[in-house]
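The values are calculated or read from the model by the stated rules, or taken from the named source; none is laboratory data. Please read all numbers here as calculations on a predicted model, not as lab measurements. Don't worry about glycine lacking a Cβ; one is built from the backbone with ideal geometry, like all the others, and counts go over all protein chains shown.
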Amino acid sequence: MMERVVHAIQCIGCPIGCGGEVIVENGTVSEMTGFTCNKGLAYAAEEVVAPKRMVTTTVRVSGGGLALLPVVSVTPVPKDRIFDCLRLLRDVSVAAPIAEGTIVVSDALGLGVDFRAARDIASVQ
Amino acid sequence: MAGSFGAAPLPDSADVVVIGGGVVGCAIARALSRYELSVVVLERSPDVATGTSKANSGILHAGFDAEPGTWKARLNVRGAQLYAELSEGLGIPRKATGSLVVAKDAAQMETVADLRHRGIDNGVPGLEIWSREQVLAHEPNISPDVAGALWAPTGAIVCPFLATVGFAENAIRNGVRIITECDVTGLDVEDRQIVAVRTSGGRIATRFVVNAAGLHSGEIARLAGDDSFTIKPRRGEYILFDRSVGQLVNTVLFPTPDKVSKGILVSPTVHGNVFIGPDATEIDDPEDKETTAGGLAGIIAGARRIMPTLPLGTAITEFAGLRAAAGKDFVIGPSPAARGLVHAAGIQSPGLTSAPAIGEVMVELLQDVGLRLRPKASYVPVNPAKPRFHELDRQSQAELIAADPLFGRVICRCETITEAEIVAAILSPCGARTVDGVKRRVRAGAGRCQGGFCGPRVTAILARELGIPITAVRKDTMKSWLFLSRADLEAGEGVHA
Amino acid sequence: MREMSYDVVTIGGGPAGMAAALAAREAGAERVLIIERDRELGGILQQCIHNGFGLRRFEEELTGPGYAHRYIEMVRATDIDVWLDTTVLAAEPGGVITSVSPHAGMTVVRAKSVVYAMGCRERTRGAIRTPGSRPAGVFTAGAAQRMVNMEGYLPGKEVVIVGSGDIGLIMARRMTFEGAKVKAVFEIMPYSNGLTRNIVQCLEDFGIPLYLGHSVTAIHGKDRVTGITVSQVNDRLEVIEGTAFDVSCDCVLLSVGLIPENELGRAAGLALDPITSGARVDQFRQTSIPGFFAAGNVLHVHDLVDWVSEEAAIAGRSAARHARGELPALGSERSVTAGEGLRTVVPQRLSAFEPGKMSTRFYFRAAKPMGASLLQFWADGVLAFERKLRVVKPSEMIVADIPVRKIGDAQKLEFRVVPAPEKIEAEDEIEEEA
């Protein structure tokens, strides 16, 4: 039996914010309308099948000039695992000094997603 | 006895207990502090002046308004004189702006002429009737349809909060203990004589109690079985404008008064702002300080009658104050129900002006009911001066920084308030314990960004100087914690220390 | 009191100040100084831990701190002086800057050129006159963002957000990530001011409702916030009787507008544009005070930091030229007007162009959302230039290069945005300023 679902998707790839439709038949994407660039098409297809988001948050720092280090996922996190990642990161503490780009958590929850430091934090003498 | 300020343990006894840390209670405490007495002030909030004393027009009335022969009339005039003498020494900012009661037609001109006569009866100096031209020359932005005005040169403006702190700090320096976060729950009376005050922090034995409890003074009286008066809270709303429009008005502008209140004013503040208000609405709840859409619209309309070019876009905050109205006059005198209990209640306008005079009178009244007064040799009538960085010239500013580097860190950029001033405000004898307490003492957070920039920084400085965690810092009232930690939130806790 | 001299001084070490200082140094200014009141460079970017920065400037999607890091590294690689924990008290015409810091005391700096780069502040509850009480728990969104992202404290656990601009939307997500319950976002206009991507990834992703055409009419609570009252508004933004409802919460975050922080300029007699609330400038970003330039949020509120960096580079280059006496003196400038469909245009004046200048860049904000549109340049009442725009939103800055030959000697210079006669498939590319 053919199962046909039409998803209305708002693209978040760039500020223009195209809106379009993704038609899924029997679990695979069969048609996409309304999107005007490849980045949008890629986002829309994935959004329907396996939505992902870049995640930014903070982790604790000890011995630094600041209490918190902002971190960012290097690649997007599956949307339904975001809060699990945040819970993991809440228990992470790094020691200053820390350099921008340092991977503070690698392969979070076995998802293949690393989190890296978004800035330097110097240590406080 | 050494003076103190804070949520300290209650002493077992005192010669005099003053209930209420508003401007009246603190002025009374100061007046008593020139004598060899142990004086304790009980205040339910974490700071002084958290009730009517912090939310009023800040006007030192000339004294023409009150009916001759009343406490209001006598104490207004005497109080205005005392402020003129004491303000500088106590560090109370005061400006002799004069005041105008504006008349819009012939009938109002007659009312205003009557006010002048009443003022003369009350002993108010220098009152004049001004013509339309004279008024416009003095106040170019006033409504052009003004007919004339009563000019009262002895009218002035003051910071009501710093007046309270000025009295309180001087009282503390002279040995008074102000106990905060202390709620009065009972008055012990034996053989119709006061013997103790019961509080949330214990019992304090005393034979003399001053009821200066403002909006709650009726409830305090009833604790001794005295129901000779009732307090009906009357709310007044205000809008405060940015200092950049300070040039809009030079003097305090009153409309011609009606039977209920002095009316909606347009006035400068001593800090260079302009405000409009208050209106007058009777309410039931003495803790309801909400401004209302209707109230704010009403004071805008009222103020526009005096000043049509009001720049609403420069409003920086709105607030409401509650008048503790008991009736036509102040309730000042011994309680009919218990010896040793003396009231200073129902102190609505001109209460701020009258406060130091109420202090003088209260000393006499207490003496009348048996308090023995021996002058204190060590009494110091003034407070040490506190430097206000933003008022100084560059050379003086540079010298301050050289002596204390914390004068070199500007925390409140809207008002140019330095970290040294904030620290001093916390560490002084009547020091700030809350973010709003800092704001009211040194203006950090009182400017156009309303603490958006300096709020987190002031919070951190308070935490550091008081030795408490950030999560324990409060905005104003006892339970007004500002922040919670992530751990608290995860544990399902709300915002509390 | 110390006294020092510099060629170019930037007041502010955020993205605008850093880009201006770098451009000034690169353009040959020898002694360049950045004065920053915070303990580190980076300005507001340090608290904007979300990503979306740098797509134009670096062709990468960076976080705010990541973007700041790039510029901080560039500044560190030069001999530009940086004063931290230092506040400017006054900057007077003639280039006399008085500053104070705890470590160096009071310093008077004589600068040949000054760049205002102080950013902006947030509009407050008091400025929009929301009635009610004044309990703890009412914060502007940016102030809350600083506490959450840099100090690690939360402003509440049941949050209501007033205003659907990007700061409010970002904080809706941030508070949700930190474990708070964000109950709703209320926006008084019939459309959101934020980027569509933020509506999706900050509200829709978490099921946070967005109420358009709603105004918060009271805040309640004696110690802490206990709730708000909300009403629907009509198209004149007036409350519709009978639509009020209450929402319980312990925290109200206000995202109701940004105001350029021009107090130093005002004190020096700067001419301000009443709509942007920033300085009136020419294409060199020179203000009405000779030798004083402005760039970034202090000049007009930007939506993308990439444009801030570019604008600040213009100001920095101009500041360097002025320090060498090479910039034409302020004199007969022509005014530029934001006409139909537009709210603001920067620059608001044009000074004489340098010989060989091919085009000049303008930045606009639209007055209301529109579909396919045309950006039009009218010179002395004649349509001289037109550019297609696919969609127009007040929250998104429009940037356009106008060829100098199209401006010519025209005295009356006006821009408009009008509906396009037909749908537009692709926008014209933005040409690099020549």
**OP:** Given the conditions (1) outside any loop (DSSP other than H, G, I, E, B); (2) modelled with pLDDT of 95 or more, report the number of the one that B:VAL245 does not fulfil.
**Re:** (2)
Original post:
Restricting attention to the range B:52-74, does a residue exist that is surrounded by fewer than 21 Cβ atoms within 10 Å (Cβ to Cβ), in a loop (DSSP other than H, G, I, E, B) and in contact with a strand residue (DSSP E or B) (Cβ under 7 Å, 6 or more places away or on another chain)?
Top reply: no
**OP:** Determine whether the range C:154-177 contains at least one residue that is more than 10 Å from C:ILE208 (Cβ to Cβ), within 13 Å of another protein chain (Cβ to nearest Cβ) and assigned to a strand (DSSP E or B).
**Re:** yes
Subject >> Search result, residues across the range A:62-81 that are crowded, with 19+ Cβ neighbours inside 10 Å and facing chain C (nearest Cβ under 10 Å) >> reply: A:LEU66, A:LEU69, A:PRO70, A:VAL71, A:VAL72, A:SER73
Original post:
Among the residues of the range C:251-260, is any assigned to a loop (DSSP other than H, G, I, E, B) and either charged (D, E, K, R) or farther than 30 Å from C:ILE11 by Cβ (or both)?
Top reply: no
Subject >> Top-ranked residue of the range A:85-125 - restricted to ones that are assigned to a loop (DSSP other than H, G, I, E, B) and of a type in the set (Val, Ile, Thr), ranked as nearest to C:ARG70 (Cα to Cα) >> reply: A:THR102
**OP:** Could you check how many residues of the range B:311-367 are free of Cβ contacts under 8 Å to residues at least 40 places away in the same chain and away from chain C (no Cβ under 14 Å)?
**Re:** 5
**OP:** Hand me the list of strands (runs of 3 or more DSSP E) wholly inside the range C:56-144 holding 2 or more residues that are within 14 Å of chain B (Cβ to nearest Cβ), closer than 27 Å to B:ASP393 by Cβ and touching a Ser or Thr at 6+ places or on another chain (Cβ under 7 Å).
**Re:** C:87-92, C:96-101, C:105-116
Original post:
helices (runs of 4 or more DSSP H) wholly in the range B:435-497 with at least 3 residues that are facing chain C (nearest Cβ under 10 Å) - which ones?
Top reply: B:455-466, B:486-490
**OP:** Taking B:ASP279 as meeting all but one of (1) without any contact (Cβ under 8 Å) to a residue 40 or more places away in the chain; (2) within 14 Å of chain C (Cβ to nearest Cβ); (3) touching a helix residue (DSSP H, G or I) at 6+ places or on another chain (Cβ under 8 Å), write down the number of the exception.
**Re:** (1)
**OP:** Tell me which of these A:VAL29 doesn't satisfy, since it passes every other one: (1) outside any loop (DSSP other than H, G, I, E, B); (2) within 23 Å of B:ALA487 (Cα to Cα); (3) at pLDDT below 95.
**Re:** (2)
**OP:** Quick one: which residue in C:THR78, C:THR107, C:THR63 is modelled with pLDDT of 95 or more and under 25 Å from the mean Cα position of the chain (by Cα)?
**Re:** C:THR63
Original post:
Do we have any residue at all in the range B:280-290 that's surrounded by 16 or more Cβ atoms within 10 Å (Cβ to Cβ), more than 30 Å from B:MET109 (Cβ to Cβ) and over 17 Å from the mean Cα position of the chain (by Cα)?
Top reply: yes
Subject >> Selection from the range B:181-197 of residues that are crowded, with 16+ Cβ neighbours inside 10 Å, outside any loop (DSSP other than H, G, I, E, B) and charged (D, E, K, R) >> reply: B:ASP188
Subject >> Test: residue in the range C:180-200 that is within 24 Å of the chain's Cα centre (by Cα), at pLDDT 95 or above and assigned to a helix (DSSP H, G or I) >> reply: no
**OP:** Would you check which residues across the range C:370-393 are part of a loop (DSSP other than H, G, I, E, B), surrounded by fewer than 17 Cβ atoms within 10 Å (Cβ to Cβ) and either within 13 Å of chain A (Cβ to nearest Cβ) or β-branched (Val, Ile, Thr) (or both) and list them?
**Re:** C:GLY371
**OP:** Those residues that are polar (S, T, N, Q) and closer than 17 Å to C:THR360 by Cα, I need them from the range C:288-310; list them, please.
**Re:** C:SER309
Subject >> B:LEU427 being surrounded by fewer than 24 Cβ atoms within 10 Å (Cβ to Cβ), more than 10 Å from every other protein chain (Cβ to nearest Cβ) and under 22 Å from the mean Cα position of the chain (by Cα) >> reply: yes
